[in-house]
Structures are given as C-alpha cells and as structure tokens.
Amino acid sequence: MKKQMLPLSLLLLVFTSCLDQRQSEIFPKESHLPGLASPFKLQGPQSVLLLADYFLDPAIVDSVNGNEAFTFHHNKEAGEVLITAKNDDIPQYSELKIWVTGYKYSILVEKSKKVKFVYSFDPKNKAYRSVHLFGQMNNWNRSATPMVFRDGLWQTELELNPGRYQYLLMLDGKESLDLNNPDITDNNIGGFNSVLNVGNSDSLNVPRLFTSSTELDQIRVGFENDPEKIFVFWQNHRLPVEFIIRQSNKLVITIPKAAENTDRSFIRIWSYNKEGASNDLLIPLHKRQVLDSLSMLTRDDAEASILYFLMIDRFNNGNQENDEPIDDPEVNSKTNYWGGDLAGITKKIRDGYFANLGINSIWLSPITQNPLQAYVEYPEPKRKYSGYHGYWPITLTTVDHRFGTSAEMHELVKEAHANGINVLLDFVSNHVHEENKLIKENPAWATELTLPDGQKNIRLWDDQRLTTWFDTFLPTLDLSNPEVAELLADSALYWIKEYKLDGFRHDATKHIPEQYWRTLTRKLKEEVMLPQNKRLYQIGETFGGRELIGSYVGSGLLDGQFDFNLYFDARSVFALDNESFIRMNNSLMETFDYYGSNHLMGNITGNHDLPRFISFAGGSLSFDEDGVEAGWSRDIKVGNPNAYAKLSMLTAFTMTIPGVPVIYYGDEIGIPGGGDPDSRRPMRFENLAPKEIETKEIAAKLTKLRQNRLSLIYGDLYVLHLSNDTWVYSRRYFDEITIVAFNKGNQPATISFELPEIFNETILKDNFGNKADKNENHVTVTIQPYSFEILVN
C-alpha cells in the first residue's frame, strides 16, 4: 500500500502552528552575538577560533560542541576554541554550536580547500647554489619557500587552494621568470610574472542554490545537483528542521517569528555534495517578510552601497581663502596642493553632482593635519613631495587647515546625510609623520628602521610586511604594542563619534597586525554600533594574494577589502583585445571561493596608486612599462577612442557583480593618466568632450540600474554563456532577473543562451540599445563591438 503524501499547504499549516509555540525556546530576545557571524575557515588538522571575534564578552559562553568529525576544547580563560579533526574525513560545512544562557548560537565551519602541490623547476643543466619560489602563494616573501635540488630538479611541496598564482623565482639571489613556463601575465607595475595553475576548480556538478518565490512568512528556495547537506541560518542561529521542508528540488523555509522585532535581519543558506560547495544565498528580511521593495533599503544597507572615492585636494576648490601650496621650486605642481577642500565637496553635494551620478556613499581621502613643508622620497630619483594626499599625519584628530575646519567637516557630513549619502573617512593607522607629537614623545613606539644586517627597513612590503617603513620620515607604528594599538583605535573612534561618520577606508591594512583591527572593531561595536543600533562599514587596502586579503575580513575584523586581484584581471581583460573572458570568469569564481558568493569586497574602476585604466585601454600607456615614470616623462592621454567604450564595460562589470562598486573620481568621464601622481589629476566638471559626456551618462545609467534592481544587490550570480570575447551572466532575486552581456571583440557578436524555465513568459527589456529576441527560455542578443547590454524583466 502506497503512503499518501500530505499536501504542501497542509504540511506548512501543521508546522507553523507547532513553530509558534517553540519560538521563545529557540531564539533569545536580545542577541549576544552582534551582526552576522562570518563562517570560520579551518586552517588544517587543528584550528583556533577566537570567541572575541564573535562575542564582545567571551566569558558569557557556557559550552561549545559540534560535528562528530571534530573534538572541541573550550579554553574559557583564553576565550578560545581549539577545533581538532579526528581524521581526514572532514565535511565541507558543519555547524559549531555555542551555548550562552541556554540559547544556541551557530557558526558555520568551512573545510579548508587546500591541496598538496609539488612544484618543480628544471635548471636545464645550469648550476645554482639556491633557488627560492616566491609569489602570491607566500605573499611575495622572497625567503619563505626555499627549494631542494633532487633528481636533477629543484622542488618544493606546497599546500594551496585551487586557482591561479603569479610567481617568480630567486636564482642565486636574482629575480627571474620561470623560463620553463610559457604562461605569464602582466604584474601591474611594468613587468610580467609567471602563472601557476593549481588543482581543479570545475564547479559543474556542485549544488546550485537560487531564490524561487516568497509568500507571507515563507521562502521557497530551489536547488540543482542534489545537495547532500543544506544549512539554513536566520541571523546567527541554524534553523531547526521544523522550520524547513525539503521536497524534490525545493526548500520551503518558515521565517522565525522573532524576525518581527527587527527592521533588518537575514536568512543565509549554504550547501554541499561530494563534488564540493554550492554558492551561498543572502536573503534580507524587513521584519518578517522578504525585502521586496527598494523603499525598505536604508543607508545602513551596505550591500546597496555605491562608493565614490575622491582625493580632497584634487576634487573641487570651494574656498580659495584656505589655498596654501608649498612655496618650494623643487616641488613639481603634480605633487603640490591644488586647493580642493571640504567646502568644495559640500558644494557638489548641494549641486546634486553625486545624486545625479547615482552615488550614495563617498570615501574621503585622509583629512588629518599634514606637514607644512615638502619631503624628498627615499628611492631614486628622489623627487620632492608635499602631503597634499593626506597620508602623512602630524596629528591624529584635527582637520588640515588647507582642507577646511571642523565646522566645515560637520557641515559636509550633515549635508551628505540629508541627501541620503554615507561618508567614509580614509584613516591612516600604520604610520605617522616624524613631526607627529605622538612619535616625537614616544620614539620607542616605532618599528626598527635599520634591520640587524644593516639594511634600511624601507618599502620591504613583503619580506618585512608588519614592520617596514614607507619612507625615512614616516615611522611605522608598532601596533603589536597594546598601548599603541589602543591609542590609535581611540583616535579612529573619535572621528566616527565626533562627525557621525558611516565607516572607514583603512590604509595599508596588510602592514598592520590583525590584533589591531580586532581592537578597533571591538571599540566601534561597543561604543557606536550597539548603543546607536548603527551599522558601520570598514573596508581595507591590501595588495597581495586572495588568502592574505581575506585573512583581514570577517567577524571581529573588517567587513571587506578592495578585490585587487579581480581588478587586475578585469583591467587586462577589458583593456586588451587578446585577453579572454575565460580568465575573467575564472577570476570571479576564485573571488567567490575565497570571500563567498555574497560579500562586501570593493570592486574598483581604479584608484590613486595605479595608472588610469583608460590610458591602458587606449594604448597610450603600456602594461610593460613603469606607469609612474611614464607619467613623469610624457603627457599620457586616452589614446584610441575605443578606450571610452572599454571603460564603460569595466564600469558595467563593477556595477553588476556582488560586492561594493567603487568609482575612482574622474573615471566617470575618463580622465587619463600614468601612475601616482599622474593618476591624481584635478577633477573636471565643465567643458567636457562629447566622449566624456557620453561616458558619464553611461556611468550614471549603470548606477541607477544598480540602485533600482534588488537582483543586482542581493541576487545570486549564474554564468549563462562564456567564450573568449563574449560573456553573459545573470543575477536573480526571486522573480526578478538581470542579465549582463559583454562583447569585447572588435566586431558585432550574436550570443545565444538559455534562461530558467520560470522566466519563459518574461519580457526582457534592453537598456543600451541591443535588443534581445526571446522564444520561451531561449534568448538571442547581438552586442556591438566593445559594448555590453543589460536585460531586465
């Protein structure tokens, strides 16, 4: 006799009535774990989880347990949990259960994806005394990976995540490409690196999750490739089985009643099967319903941010009375003050410049007082610079008078908030100027300038990552000293509390010990975020491999960092005709592997330390030359007019992928330039050329699409088509879909792809003039050269 299945509607009715009776037993009225707990990534057979990253007071934790594949040792005094794998049979994901006053909090535990990899170098009958491998796999530390000569080859064994790694060799102390490896790529500073491909990142058979539909307090989520395990969290609690019904290829999730008590909470979902981990879903809630209206978004929703980075001195001069360039014939105008100030930014807010461009967050370069005289940089050719950029602080809590006054800073922030715009401040924690009172009174608070071997510890970015100085007059602070860390963190906190700022961009993140970021983040939570029920956004700057960048992101640390690895791949692919979208797609998938499918990493069009993208795209600047010296030696222009279209493609990419899109000032019109300081030319607002006006209009249209499409803010990304010159992906959020199609070739391209059947009846609207033909779920669109289209339902 066959068993009769209860109708889904009846099942839901039965479960819902039972759930309402149990809610108070499962979820505390007030959470002891603020924010969203980031997944904890295992580092190997043993890993240590710091409870202070998640709980402001680790002492409140009563006990810890979890999956039977591990043993858990809770060191209550140290506030640590030692997680030890019993054997190699480790699940891709598991739940760490942390008990506080009878309530269970859940942290997702993620298995390390690292694989063993043997790298060999054939010296081709040449004799070397020593060979070292260095690159993204060891954060470019030249001495970290010595190789052993065995059986005619130099060899070393590594444990690495699957992916692509740039590297070089040190052959008897001299840097060299791996001449046995034809796979090379530009190194972003005028040269090339070899590329190592590790492991297999094929994801065709891993599960795929997608949002399907929602009704009242229930969410339907679809999946493909049959997940073995599914983890559904509301905030920091894994939902018990009675909240979830699994039928065929669908989940029905009941939103907890406790969600009624907050304007913003989240459902998060992960899964895996024997082939690997799926994408993850982030579903925002407004009280007890899925967020389905743009009107529900607020300035606290960092996922909806569109960030604009401006250098104060180079943006707009609103008050000529505070203009004070340094009177020194040795200071070139490129490295002197130009007069931009806080009043000029406030004027542009009032004029509607940012609103018209679709910007809802501004990142200001540092505003602390900088020295009144110029200084000669340490390396050749020893040019002389002023501190126009703001990164040489001689005070920690005062506004540089050349930028304005404290009152003008208050006015700027007040005006920005009145116009729905967040303000982030660039804060320098790593170093101070030698004239700073802090270091003059406490010289022992600096790291050592001279190394034991007599070498100057200047700009040794990788070999002396946590101690190196930027220049002889910029002492690096020893932030491993708790007294120094507390003082700097209090200085940063001052700016947030005094000016009601919305977060920070942090300079030189990787050169600072992680404990400092924990100190600062704890203070922000304790003194601002929790008392004011305010969400702050912190984003860091780190040049390095994805593993290093990601080590500073998570609960207790920063919310995100700039995804430079993705940008460098995007820069090459969109700028150069012979680079393939396959490289771009692989890079995006690596970003998801390291930071998750939903993250708050910064996706940039450029920044102040790098040559302008448009000059690479137009051929006025070459990838194999020194961009800094090129900017000094000649007038770098746009070059080929196709560069404007390529820049718009890059902007379209940053605006349509997960993360926080960041426009570097001037990229909205295509200002050209070489490396620093040529990449910091004054902003222009008037007398724009037709191509500049067109580029700005496209940028504004893209930001408005980002602002008005929940699928571009919270939707899962799925690749629909991929070739060398064409690429199509979709972002889906329940019944809203946005399709992004690129053609980087120099001829029109007709692209065909399939949509999920649920969109059979959907009418697709183009936004950039490339109309699509649709027959049920089959779509064909012709994209013009160096162009893109965004199709919406």
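The values are calculated or read from the model by the stated rules, or taken from the named source; none is laboratory data. Remember, it's a predicted structure, so these values are computed and weren't measured experimentally. Reconstructed Cβ throughout: ideal geometry from the backbone, glycine too, with neighbour counts over all protein chains shown. We work out accessible area using only protein heavy atoms, side chains counted, and drop any ligands, DNA or RNA first. Shrake-Rupley method; radii C 1.70, N 1.55, O 1.52, S 1.80 Å.
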For the structure I just gave you, tell me whether Phe210 is in a strand (DSSP E or B), farther than 22 Å from Phe27 by Cβ and either of a type in the set (D, E, K, R) or modelled with pLDDT of 95 or more (or both).
yes
Heads up, the helices (runs of 4 or more DSSP H) in the stretch 427-532 (entirely inside) with at least 3 residues that are among the basic types (Lys, Arg) are 514-524
Tally up the residues in the stretch 213-246 that are assigned to a strand (DSSP E or B) and either open to solvent by 20 Å² or more (accessible area, probe 1.4 Å) or farther than 18 Å from Ser278 by Cα (or both), please.
15
Taking the stretch 552-609 and keeping only residues that are open to solvent by 20 Å² or more (accessible area, probe 1.4 Å) and of a type in the set (A, V, I, L, M, F, W, C), one is left with Val553, Phe568, Leu576, Ile582, Met589, Phe592, Leu600
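Can you list the strands (runs of 3 or more DSSP E) lying wholly within the stretch 48-106 that have 1 or more residues being closer than 18 Å to Ala37 by Cα? Explain how you work it out, then say what you get.
Numbers: elements: 63-66, 70-75, 80-85, 93-100.
Ranges flagged: 63-66, 80-85, 93-100.
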Among the residues of the stretch 641-659, which ones are open to solvent by less than 10 Å² (accessible area, probe 1.4 Å), among the hydrophobic types (A, V, I, L, M, F, W, C), assigned to a helix (DSSP H, G or I) and in contact with a strand residue (DSSP E or B) (Cβ under 8 Å, 6 or more places away or on another chain)?
Ala643, Met649, Ala652, Phe653, Met655
Output the residues belonging to the stretch 249-278 that are modelled with pLDDT of 95 or more, more than 16 Å from Asp716 (Cα to Cα) and β-branched (Val, Ile, Thr).
Val252, Ile253, Thr254, Ile255
Restricting the stretch 165-191 to residues that are more than 24 Å from the chain's Cα centre (by Cα) and modelled with pLDDT under 90, which is surrounded by the most Cβ atoms within 10 Å (Cβ to Cβ)?
Gly190
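In this structure, is Asn442 open to solvent by less than 50 Å² (accessible area, probe 1.4 Å) and touching a Ser or Thr at 6+ places or on another chain (Cβ under 7 Å)?
On the way: open to solvent by less than 50 Å² (accessible area, probe 1.4 Å): yes; touching a Ser or Thr at 6+ places or on another chain (Cβ under 7 Å): no.
Taking the combined requirement at face value, the residue does not satisfy it.
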All but one of (1) in a helix (DSSP H, G or I); (2) touching a residue at least 60 places away in the same chain (Cβ under 8 Å); (3) of a type in the set (Ser, Thr, Tyr) hold for Ser555, so report the exception by its number.
(1)
Lys76 passes all but one of the listed conditions (1) crowded, with 18+ Cβ neighbours inside 10 Å; (2) farther than 30 Å from Val206 by Cα; the exception is number (1)
With the requirement that a residue be in contact (Cβ under 8 Å) with a residue 40 or more places away in the chain, outside any helix (DSSP H, G or I), closer than 20 Å to Lys696 by Cβ and not small (Gly, Ala, Ser), what does the stretch 611-637 give you?
Arg612
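Taking the residues in the stretch 460-503 that are acidic (Asp, Glu) and surrounded by fewer than 22 Cβ atoms within 10 Å (Cβ to Cβ) as candidates, determine which candidate is farthest from Asn141 (Cα to Cα).
Step one: of the stretch 460-503, the residues acidic (Asp, Glu) are 462-463, 471, 478, 483, 486, 490, 498, 502.
Add one more test, that the residue is surrounded by fewer than 22 Cβ atoms within 10 Å (Cβ to Cβ), and what stays is 462-463, 471, 478, 483, 486, 490, 498.
Working: Asp462: 5, Asp463: 5, Asp471: 20, Asp478: 21, Glu483: 29, Glu486: 29, Asp490: 32, Glu498: 40 Å.
Selected residue: Glu498.
Can you go through Ser787, Ser752, Ser679 and tell me which one is within 30 Å of Asp635 (Cα to Cα), hydroxyl-bearing (Ser, Thr, Tyr) and touching a His at 6+ places or on another chain (Cβ under 9 Å)? Steps first, answer last, please.
Working: Ser787 fails: touching a His at 6+ places or on another chain (Cβ under 9 Å); Ser752 fails: within 30 Å of Asp635 (Cα to Cα).
Sole residue among the options that is within 30 Å of Asp635 (Cα to Cα), hydroxyl-bearing (Ser, Thr, Tyr) and touching a His at 6+ places or on another chain (Cβ under 9 Å): Ser679.
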